[in-house]
1. Just checking, does segment 380-388 include any residue being farther than 22 Å from H125 by Cβ, at pLDDT 95 or above and acidic (D, E)?
2. How many residues are part of a strand (DSSP E or B) and either surrounded by fewer than 18 Cβ atoms within 10 Å (Cβ to Cβ) or touching a Ser or Thr at 6+ places or on another chain (Cβ under 6 Å) (or both) when one looks only at segment 421-449?
3. Just to verify a result, which residue in segment 118-167, among those that are under 10 Å from N103 (Cβ atoms), out of contact with any Cys (no Cβ under 9 Å at 6 or more places or on another chain) and in a loop (DSSP other than H, G, I, E, B), is modelled with the lowest pLDDT?
4. Return only the number of the condition from (1) modelled with pLDDT of 90 or more; (2) of a type in the set (D, E); (3) surrounded by 14 or more Cβ atoms within 10 Å (Cβ to Cβ) that D201 does not satisfy.
5. Here is a check on your reading of the model: is T81 buried (at least 24 other Cβ atoms within 10 Å of the Cβ), modelled with pLDDT of 95 or more, part of a strand (DSSP E or B) and among the polar types (S, T, N, Q)?
6. Answer yes or no: is there a residue in segment 94-110 that is under 13 Å from K443 (Cα atoms) and either crowded, with 23+ Cβ neighbours inside 10 Å or within 21 Å of the chain's Cα centre (by Cα) (or both).
7. Give the residues of segment 346-373 that are of a type in the set (V, I, T) and farther than 23 Å from M430 by Cα, sorted by residue number.
8. Out of everything in segment 43-67 that is among the acidic types (D, E), surrounded by fewer than 22 Cβ atoms within 10 Å (Cβ to Cβ) and at pLDDT 95 or above, what residue ends up being nearest to L360 (Cα to Cα)?
Amino acid sequence: MKVNLVIKGGSVWQEGQDFVDADIAIDDGRIVAISAGHGDFPDAERIVDATGLKVIPGLIDTHIHLRDPGFTYKEDYETGTRASAAGGITMVVDMPNTNPVPNTAERFRAHRENAATKALVDFNHWAAPTNIDEIRAIAAEGAMGFKFFMISHDYPYDNPDQFISLSDPYRIYQTMTEIAATGRPCLVHPHNQNMWMSLVDLYENQGLKTPEHREEAYRFADNFIQTSAVASLLFLARSTGCDLRVLHNNWAPLIDFVRTMKKAGYRATFEQNPWAVFGFGVKDQVTDVDEVWASLSDGTIDVIASDHAPHSREEVAKALENAFRSVIVSITLEEHLLAMYLTEINGAGRISLYRLVELLSLNVARHIGVYPKKGTIKVGSDADITLIDMEKDGVIDPTRLHSKCGITPYEGWQLKGMPVGTLVRGRFVMEEGEVIGEPGYGKFTRPLA
């Protein structure tokens with residue numbers, strides 16, 4: 001038997017074991033054999049020498065704003081997934097704040113068909129559950145699940161035809177009940193809108209409108225804006241049986257609350273974003289950094305996702321005029337997400353590479369229902385694989401971004417530890433740092449059940 005590809009000599013991430021020296025045989029897009037140096041092994045049409053490299057399951061980014069359709073001057077499915085391939089990410093699930101919002105089965109189909117012509121990596125979408133009567137039909141179209149915001153702002157949350165915000169508790173209860181019937185996850189951006197608007201009035205009346213003042217307001221009364229919202233969501237999820245994922249667990253008071261509720265038996269998946277530890281460009285200004293890093297290792301946080309959210313320079317500048325009236329913060333880190341964490345592992349080492357893979361791949365695949373097809377390295381799994389050189393140096397250069405918006409708050413950051421190869425279903429879409437994948441290769445990937 002001759003297979004398409006063998007990855008030879010690498011240190012391979014193995015579920016439940018850490019890393020082992022092994023070879024991987026790939027044929028027809030799947031892993032067909034893993035050898036730790038004993039027994040027969042297939043011949044291959046091509047052999048890739050991975051000596052000195054870490055071999056991990058491809059990352060799955062389930063919190064990415066690709067802006068397509070409707071806002072493609074910032075990003076589109078091709079440029080966004082090109083950045084994914086560059087960053088070692090083999091599957092994405094994008095957020096529904098597009099125009100039109102995918103909140104009907106017809107709109108979801110159009111969204112899926114648009115992405116299929118452009119994606120370099122595998123994909124699915126979160127739909128907006130704001131039309132309750134459409135939820136089951138959207139799930140039948142193969143949607144990964146649903147996402148709504150409890151915050152209500154412009155762009156594009158308050159457009160009557162495009163709204164993706166829900167803040168009324170009973171409406172949320174009804175929505176979660178219907179989503180629970182589909183068995184798909186429900187992602188929520190937690191926010192206490194009434195309290196927030198009171199704080200907005202308080203700050204604005206004093207002329208306090210900067211991003212620093214907005215951050216201060218978010219921290220009011222031990223992060224009450226989010227923590228109170230998370231409490232209500234956990235009670236509603238328990239009551240409805242909804243598979244809840246709580247987004248943006250990025251501050252110590254909220255993390256402490258999550259830890260307490262988990263111990264009390266409340267079930268949900270809790271997501272954290274890289275800006276919780278790296279900030280928006282100035283690492284030394286990140287508060288609670290030790291507590292946040294600890295939450296990744298101790299099991300409080302279940303998954304990491306990028307929150308890649310590109311905006312134009314003009315939008316970012318305008319947002320600074322009154323931070324309370326905008327949700328715009330340009331977070332373009334899809335292609336540097338992994339390298340930033342690898343740099344931390346090489347430096348302070350506050351998380352292990354094994355645990356990072358759990359947070360960025362294994363746990364994500366389990367939550368969205370694509371495991372063991374994706375999110376692991378096993379015989380029979382898709383050959384979604386990322387090759388890492390832990391010694392490779394780099395620098396974040398905005399002139400070389402794959403993201404269309406062309407700006408990043410992490411300009412000039414020095415990196416050590418880089419993805420050097422990304423395989424999607426056994427085919428390189430990035431090799432030796434160069435993106436070689438083609439638009440349309442990415443495949444719509446449904447939940448397995």
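1. No, that holds for no residue.
2. Qualifying residue count, segment 421-449: 8.
3. D161
4. (3)
5. no
6. So far as segment 94-110 goes, no, none of its residues is under 13 Å from K443 (Cα atoms) and either crowded, with 23+ Cβ neighbours inside 10 Å or within 21 Å of the chain's Cα centre (by Cα) (or both).
7. I351, I368
8. Of everything passing the filter in segment 43-67, D49 is nearest to L360 (Cα to Cα).
The values are calculated or read from the model by the stated rules, or taken from the named source; none is laboratory data. Quick caveat: nothing in here was measured; it's all calculated off a predicted structure. Backbone-built Cβ (ideal geometry, glycine too); neighbour counts: all protein chains shown.
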